[in-house]
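Visitor: I have a structure I would like to understand better, so I am pasting it below and will then ask my questions one at a time.
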Amino acid sequence: MEAKHVSFSAIEFEPEQLFKAYYAKLCFFAFQHIGDKQVAEDLAQDAFIAYLRKRDELSRDTDAIRSFLYSSVKNACYNITRRQQVIRRYFKMREESEIEEAKYLTSMIRAEVLAEVYKIIEDLPQGCREVFRLGYLEGLTNQEISEKLGVTINTVKTQKQRGMKVLKRKLNPEMFALLLYFFFSTR
Amino acid sequence: MDRESFGITTLIVKFLRNQTEANENIRLKQWCEQHALHQEMMESFKDNERVENDIRFLASIDTDNAWLNVQKRNQRQLFNINIRLVASIVLVLCAVIFAYLYFSPFVRQQSDTRVIADKTKQYKNDVLPGTNQAKLLLANGDVFLLGGEKGSYRHADLIIEDRDGEMIYKPTSRRTSPLNNVHSLTVPKSGTYSMLLEDGTKVWVNSFSSIDFPEQFGKNERRVTVSGEAFFEVAKDVERPFKVAYNGVVITALGTAFNINTYSEKLIATLTEGAIKVNASGIEKVLSPGQTAHVDREEILIKEAGTEKATAWKNGYFYFDGEEITQIMEEIARWYDLQVTYTPGMGNKKYRGGIKRSATLAEVCEMLTLISQMKFEIDGRNLYVKGTD
């Protein structure tokens, strides 16, 4: 699709939709830097509240909003980690080294990508999805899944295969390999 | 974190979905080679245990609860309606039934050249967007089809110039003409046209709309009738107020810019510059720039609202200001001349955004699918919208 005809960036979600699309990702992003889930959630919520307050001043561009949210969380993380630094005189607030910046970038990418993977799994057909979730989220064996759902082990296997077919079709083969392992493992 | 970073993120997600093109893959490769950390990160996705843990983290986040928390913490109103005073006025007159009856004589051409193959192969076919097309029906019964080629028509005491989507109407002599000598410019679905009137007023007319104007404007006033949607940039003439009438409602302006939309049951007039008076059922209200009048049954409601929606269409794009899919589809259906069918479960989520009017239907559907997760099917000029329920 030619970008010049359609302006993706002008599409904006209502606050609730925006929140639901970004919250988990932002929490994960923060978590990678500060390691505390509760604090990560607080930071993500703070960033969103800041966005809501500034909503009218900010551009409606989805990219700009995303940039604002991630930057807010990043700065908050940075403040926290910096406070933990003993040798202050070598580090000024907000002055980041190249490696620091790259780390934030990669963690953002990681958040976006994994959220995408998670979404693809969540979008699987009903039957497959349940099997997948029980399998990888709760780590149940095929036997346990079949008991929990009240279906035969064969059904469980079939559903896994169905799901795999869908994922294979939707995902890049290189990335697909990464999911292959833990979905097919016979735990 | 700059635009470049987000560009790469989007690229990687595309790569994940196996939707990248050759040049994008190259760009991605270059990025990986830029920094050791980058390559490391791409490799890290192959670490299954780590990925598993991360996804588990994502799944464990209680977003709904968090949203309630955010709402609680954010004391102030979450939705601030932005009052931007932009220099155009939008008047909206509603007359779906009226317009429908008015336009039923329009006959579609035998072969529909605007229905084409879908390049993305996601839909049965694609539909090209609207074009500059209109029909000018003179008081004496002569008909001109506008929009095909540039042309200049000399007709009795009249010169009509047609070029690039704009028609210039020039009477060549001044004479007293009977009040009922009225010309009519009608724009079909999938059409749009603009016109320069004798006094210098410019009118943009949207799809499925029409404007009736007199052979010559009167001595005391300049009066036209509209149905559908039209945007006016009125030339200043202190001696003769410019009046737009629809179904008993009259909008009066001196030198000003405004949009009128009559597609739904309400007449909506949006003022962007100058001042206008709205007259309905004996009630009169004056608008200032940035205000919108909603005329409904016998009430005139004034609202402060953004004017972007009113001017967007004449500037070549759609703008949806917090609208449900069904509302959005109404405009799309008019521009692409479609029959839209909905399956139940549309929900009532609202969307805000813009799309260029030059996009093809497939492009529009793809974009709408992305933001709304609804499914669209195109079959000729039929569009089926399937909800998420």
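Visitor: Of all GluC sites (Glu not before Pro) in the range B:199-274, which ones are in loop regions per DSSP and have a Cβ with at most 16 other Cβ atoms within 10 Å?
Guide: Answer by residue number: B:Glu221, B:Glu239, B:Glu265.
Visitor: Average partner chain C-beta neighbours within 10 Å, per residue of A:163-170? Before the final figure, lay out each step's value.
Guide: On the way: counts 0, 0, 0, 0, 0, 1, 1, 4.
So the per-residue partner count for this stretch is 1.
Visitor: Oh, and also: How far is helix B:325-336 tilted off the main Cα axis of chain B, in degrees rounded to 10, range 0 to 90?
Guide: The helix B:325-336 is inclined about 60 degrees to chain B.
Visitor: Amide H of B:Tyr351: which non-local residues (sequence gap of 5 or more, or other chain) have their own amide H closer than 5 Å, using H built in the peptide plane?
Guide: The list, which skips near neighbours in sequence, is B:Gly322, B:Glu323, B:Glu324.
Visitor: Taking θ as phi - 60°, what are the ³J(HN,Hα) couplings along the range B:126-136 by the Karplus curve (6.51, -1.76, 1.60), each to the nearest whole Hz, with x for Gly and Pro?
Guide: 10, 10, 6, x, x, 9, 6, 8, 6, 10, 9
Visitor: Which cross-chain or sequence-distant (5 or more) residues have an amide H under 5 Å from the amide H of B:Gln291, H modelled 1.01 Å from N in plane?
Guide: Excluding prolines and chain starts, which carry no amide H, the hits are B:Leu271.
Visitor: Related question: Which whole number gives the average, over all residues in B:358-365, of C-beta atoms from other chains lying within 10 Å of the residue C-beta?
Guide: Partner-chain Cβ atoms within 10 Å, mean over residues of B:358-365: 3.
Visitor: Okay, moving on. What does the structure give for A:23-35 when I average, per residue, the other chain Cβ atoms found within 10 Å of the residue Cβ?
Guide: Partner Cβ neighbours, averaged per residue: 3.
Visitor: On to the next question. Could you tell me which of the pairs A:Lys165/B:Lys29; B:Lys135/B:Lys189; A:Lys54/B:Lys72 are separated by over 21 angstrom between their Cα atoms in the structure shown?
Guide: Checking Cα-Cα distances, A:Lys165/B:Lys29 exceed 21 Å.
Visitor: Quick check on chain B: helices-only [θ] at 222 nm, where DSSP H runs of length 4 and up contribute -39,500 (n - 2.57) each and the sum goes over total residues. Nearest 500, please.
Guide: Value at 222 nm, helices only, nearest 500: -7500 deg cm²/dmol.
Visitor: What distance in nm separates the two pseudo spin-label positions at B:Ile283 and A:Val151, each 7 Å out from Cα along the beta-carbon direction?
Guide: Taking the two extended label points, one gets 5.9 nm.
Visitor: State log₁₀ I(q)/I(0) for chain B at q = 0.06, 0.12 Å⁻¹ as given by the Debye formula over alpha-carbon point scatterers of equal weight, solvent excluded.
Guide: Log10 of I(q)/I(0), two decimals: -0.33, -1.02.
Visitor: Something else now. Are there any trypsin sites (Lys or Arg not before Pro) in the range B:158-246 that are in a DSSP loop and have at most 14 other Cβ atoms within 10 Å? List them by number. Each step should come with its number before you reach the end.
Guide: Working: sites: B:Arg163, B:Arg174, B:Arg175, B:Lys189, B:Lys202, B:Lys219, B:Arg222, B:Arg223, B:Lys236, B:Lys243; in loops: B:Arg174, B:Arg175, B:Lys189, B:Lys219, B:Lys236.
When the trypsin sites (Lys or Arg not before Pro) of the range B:158-246 are filtered for loop state and at most 14 Cβ neighbours within 10 Å, B:Arg174, B:Arg175, B:Lys219, B:Lys236 remain.
Visitor: Rounded, prolate or oblate for the range B:277-339? Axes are the square roots of the Cα gyration tensor eigenvalues, ordered a ≥ b ≥ c, and the cut-off for rounded is a/c under 1.5.
Guide: Prolate, because a/c is 1.5 or more and a/b exceeds b/c.
Visitor: Using only Cα atoms, tell me the angle between helix B:63-73 and the longest principal axis of chain B; keep it within 0 to 90° and round to the nearest 10.
Guide: 60
Visitor: Quickly work out the B:Glu21-to-B:Thr369 label distance, labels modelled 7 Å from Cα along the C-beta direction, and quote it in nm with one decimal.
Guide: It is 1.8 nm.
Visitor: Separate question: Out of the GluC sites (Glu not before Pro) in the range B:280-389, which ones are loop residues according to DSSP with at most 12 other C-beta atoms within 10 Å?
Guide: Here the GluC sites (Glu not before Pro) that fit, given the DSSP loop and packing criteria, are B:Glu298.
Visitor: On a 0 to 90 degree scale, rounded to 10, what angle separates helix B:3-16 from the longest Cα axis of chain B?
Guide: Once rounded, one gets 70 degrees.
Visitor: Considering Cα pairs under 8 angstrom that are at least six residues apart, work out the relative contact order of chain B and quote it in whole percent.
Guide: Result for chain B is 16 percent.
Taken together, the values in this text are just the output of simple stated rules run on the coordinates, not laboratory data. From a predicted model like this one, the values you see are computed outputs, not experimental measurements. Cβ atoms come from the backbone with ideal geometry, glycine included; neighbour counts cover every protein chain shown.
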